[in-house]
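Working notes, structure below.
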Amino acid sequence: MITAENLSKRFGKLVALDSVSVEIGKGFTLILGPNGGGKSTFLNLCAGLYRPSSGRIEVLGEAPWSNEGVKSRLGVSFDPPSLPKHRTGREWLDYIARFKGADESDVLESAEMFSVTGFLDRRIGEYSAGMLKRLSLAQAFIGKPELALLDEPLANLDFKGIKEVSETLGKLANEGLNIVAVSHIWRPLIGFADEVVVIAAGKVVLKGSPKEVITQIEEI
């Protein structure tokens with residue numbers, strides 16, 4: 001699904017990613033690591049939001065930067081969510097559906113999946129942080145993307161919301177959807193993860209099965 005070779009991203013003098021080489025296959029992949037370690041930068045490169053400073057990245061077999069064809073096959077939820085405040089949730093999801101060639105039934109299915117139907121007709125500027133997160137997740141799964149990229153999918157949710165969203169993501173993973181998630185709140189997700197990647201100081205420092213990686217993390 002994702003192949004990176006000697007991938008680097010610099011912001012001025014800051015090196016966010018430093019010669020990362022990694023392959024991520026099908027299934028549910030969980031990306032862990034400390035704040036500022038490069039996790040979200042890697043996800044944004046996968047989404048085509050950033051151009052690599054050097055090296056190569058391919059997503060679904062193509063370079064994602066400035067590639068609308070690849071982007072239409074992806075579902076993305078950023079953190080914090082970047083959503084238009086003066087539009088309603090329904091208007092925003094309809095816009096995403098048109099971009100992906102999906103229809104109203106896809107919008108309603110995704111909205112129900114993440115429990116946003118009750119506030120779809122309110123302006124996004126009136127949403128709480130938890131509502132924004134749910135809407136952002138709903139947008140990522142419209143049209144059943146080939147790959148969903150989720151940045152902190154459990155952030156800003158209460159305990160009930162964490163449980164609900166985790167169960168939904170687990171169900172989607174079990175149905176065969178390919179998901180890559182960056183998350184500090186990882187314990188609710190680890191049970192259905194196929195692979196774990198740890199990025200720290202701009203490098204991939206661990207990669208393996210959940211049992212292998214978590215055992216090593218707990219020993220540090």
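The values are calculated or read from the model by the stated rules, or taken from the named source; none is laboratory data. Everything numeric in this text was worked out from a predicted model, so none of it was measured. Note that we place each Cβ from the backbone using ideal geometry, even for glycine, and neighbour counts take in every protein chain shown.
Computed values, structure above
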{"read-out": "Count of residues meeting criterion [in contact with a Gly (Cβ under 9 Å, 6 or more places away or on another chain), within 20 Å of E104 (Cβ to Cβ) and not hydrophobic (A, V, I, L, M, F, W, C)] in the range 124-139", "value": "2"}
{"read-out": "Extreme residue, nearest to I96 (Cα to Cα), among residues of the range 134-169 that are touching a Pro at 6+ places or on another chain (Cβ under 9 Å) and among the β-branched types (V, I, T)", "value": "V165"}
{"read-out": "Any helices (runs of 4 or more DSSP H) falling wholly within the range 49-167 and containing at least 2 residues that are aliphatic (A, V, I, L, M) and in contact with a Lys or Arg (Cβ under 9 Å, 6 or more places away or on another chain)", "value": "104-113"}
{"read-out": "Top-ranked residue of the range 19-61 - restricted to ones that are of a type in the set (F, W, Y) and in contact with a Leu (Cβ under 8 Å, 6 or more places away or on another chain), ranked as surrounded by the most Cβ atoms within 10 Å (Cβ to Cβ)", "value": "F42"}
{"read-out": "Candidate set: the range 36-47, residues that are in contact (Cβ under 8 Å) with a residue 24 or more places away in the chain and in a loop (DSSP other than H, G, I, E, B); chosen: the one nearest to L169 (Cα to Cα)", "value": "A47"}
{"read-out": "Pair list, Cβ < 7 Å and 6+ apart or interchain, from the range 136-165 residues that are in contact (Cβ under 8 Å) with a residue 40 or more places away in the chain and surrounded by fewer than 19 Cβ atoms within 10 Å (Cβ to Cβ) to residues that are among the hydroxyl-bearing types (S, T, Y) and not in a helix (DSSP H, G or I)", "value": "E164/S115"}
{"read-out": "K203 being surrounded by fewer than 22 Cβ atoms within 10 Å (Cβ to Cβ), among the basic types (K, R) and in contact with an Asp or Glu (Cβ under 7 Å, 6 or more places away or on another chain)", "value": "yes"}
{"read-out": "Yes/no for T168 being outside the structural domain of R87 (by TED's automatic domain parsing), farther than 18 Å from I31 by Cβ and of a type in the set (V, I, T)", "value": "yes"}
{"read-out": "Test: residue in the range 66-81 that is touching a helix residue (DSSP H, G or I) at 6+ places or on another chain (Cβ under 9 Å), more than 19 Å from L137 (Cβ to Cβ) and surrounded by 15 or more Cβ atoms within 10 Å (Cβ to Cβ)", "value": "no"}
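Residue by residue, here is whether (1) in contact with a helix residue (DSSP H, G or I) (Cβ under 6 Å, 6 or more places away or on another chain); (2) in the same structural domain as E126 (by TED's automatic domain parsing); (3) loosely packed, with under 13 Cβ neighbours inside 10 Å; (4) under 13 Å from A140 (Cα atoms) holds:
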residue: L93; (1), (2), (3), (4): yes, yes, no, yes
residue: R98; (1), (2), (3), (4): no, yes, yes, no
residue: S105; (1), (2), (3), (4): no, yes, yes, no
residue: E109; (1), (2), (3), (4): no, yes, no, yes
